[in-house]
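See structure below.
Any read-out appearing in this document is the output of simple, stated calculations on the displayed coordinates, not a laboratory observation. Predicted model, so just to flag it, every value in this text is computed and none were measured. Note that each Cβ is placed from the backbone with ideal geometry, even for glycine, and that neighbours are counted across all protein chains shown.
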Amino acid sequence: MKDSGLSDLSLPLFAAPSAPLPADGRLPSYLRDHRKRLRNRFLDGGADAMPDYELLEMLLFGAMARQDVKPLAHALIARFGDLAGVVNATPAQLAKEKGVGETIITTLKLAEAVASRVARARVVNRPVISSWDALLDYCHTVMAHRAVEHVRALFLDRKNRLIADEELARGTVDHVPLYPREVLRRALDHNASAVILVHNHPSGDPTPSSADIAMTERIQTGAEALGLVLHDHLIIG
């Protein structure tokens, strides 16, 4: 019997390739309709009405104006776990993914920057006690998805309002070196009255290590000698 040649096909027998774009470069009507449906669902129900991959699709609309973004959105979610993981991935990590170029990387990092800026605006120049939940949200937004440990210091004035926020150190996946004198020097530079330390554990476990506890105690001792208050040392898992 003559071989039909079906065994040589690169696609499964019943898998259809993506429909080609119209010759003039316009989106096919089914893609235009799909994008319109997503926009309407977002406007009607907000982000809570949509899974991560659909929100990511919408982010990619501008970067891939004439292409079907759904396959890439699914692939990125599968690779990085969720929307936050995609947006917080480093440019180097993103560049390794098929179909991801400079425009897409810029779009995703811009989304990360906007989220961080909005979260920070909710706590800056406000008493941290009355905006504690917003402060925690900000810390999670900035630090929760980092691949290595980072330490930030939040500097407060006499009314416990946030006046400065700085990254002080970066380390490895399970350790970050931090020198008490650097924390205290920056507090004095900002004329701060109090400090909140924040660092992340990439493992996801927020339990403080013995090194974390020892570092906190050294900074607390130095702060007291200078009349400063160390309010807390938050660990973001």
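Summary table
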{"item": "Distance-filtered residues of the range 89-110 - backbone nitrogen under 14 Å, label point 7 angstrom along Ala75 Cα→Cβ", "result": "94-102, 104-105"}
{"item": "In degrees, nearest ten, helix 29-45 long axis to first principal axis of the chain (Cα)", "result": "30"}
{"item": "Label point distance in nm, Lys109-Asn191, each placed 7 Å from Cα along Cα→Cβ", "result": "3.5"}
{"item": "Equivalent ellipsoid semi-axes, the range 186-237, via Cα gyration tensor eigenvalues times 5, rooted, Å", "result": "23, 12, 7"}
{"item": "Computed over the range 88-222: relative contact order in percent, which uses C-alpha pairs under 8 Å that are six or more apart", "result": "21"}
{"item": "Within the chain, helix-based [θ] at 222 nm, where runs of 4 or more DSSP H residues each add -39,500 (n - 2.57), nearest 500", "result": "-14000 deg cm²/dmol"}
{"item": "Dimensionless Rg over Rh [the chain; C-alpha; Kirkwood]", "result": "1.13"}
{"item": "Rounded, prolate or oblate (a/c below 1.5 giving rounded, otherwise prolate when a/b exceeds b/c) for the range 126-236 by Cα gyration tensor", "result": "oblate"}
{"item": "Centre separation in Å (Cα based) which lies between the range 29-51 and the range 61-120", "result": "18"}
{"item": "Stretchable slack from Arg181 to Phe61, in nm (0.36 nm times residue separation minus alpha-carbon distance)", "result": "38.5 nm"}
{"item": "Principal-axis tilt of helix 180-189 within the chain, Cα atoms, nearest 10 degrees", "result": "90"}
{"item": "C-alpha long axis of helix 132-143 to longest principal axis of the chain, angle in °", "result": "60"}
{"item": "FRET efficiency estimate (nearest 0.05) - Cβ-Cβ, Leu226 to Asp48, R0 45 angstrom", "result": "0.45"}
{"item": "Highest-MSF residue in the chain out of Ala111, Ala223, Ala49 [GNM, Cα springs under 10 Å]", "result": "Ala49"}
{"item": "For the chain, share of DSSP beta bridges that run antiparallel, in % to the nearest 5", "result": "65"}
{"item": "Estimated FRET transfer efficiency (Ser203, Asn125; beta-carbon r; R0 45 Å; 0.05)", "result": "0.85"}
{"item": "Segment Glu102-Asp82, length gained on full extension (0.36 nm per residue, minus Cα span)", "result": "5.1 nm"}
{"item": "Ser116 versus Asp174: modelled label distance in nm, points set 7 Å from Cα along the beta carbon direction", "result": "2.7"}
{"item": "Added length on full extension, which subtracts the Cα-Cα distance from 0.36 nm per residue, Ile163 to Leu27", "result": "44.2 nm"}
{"item": "Rel. contact order, % - alpha carbon contacts under 8 angstrom, at least six apart, the chain", "result": "12"}
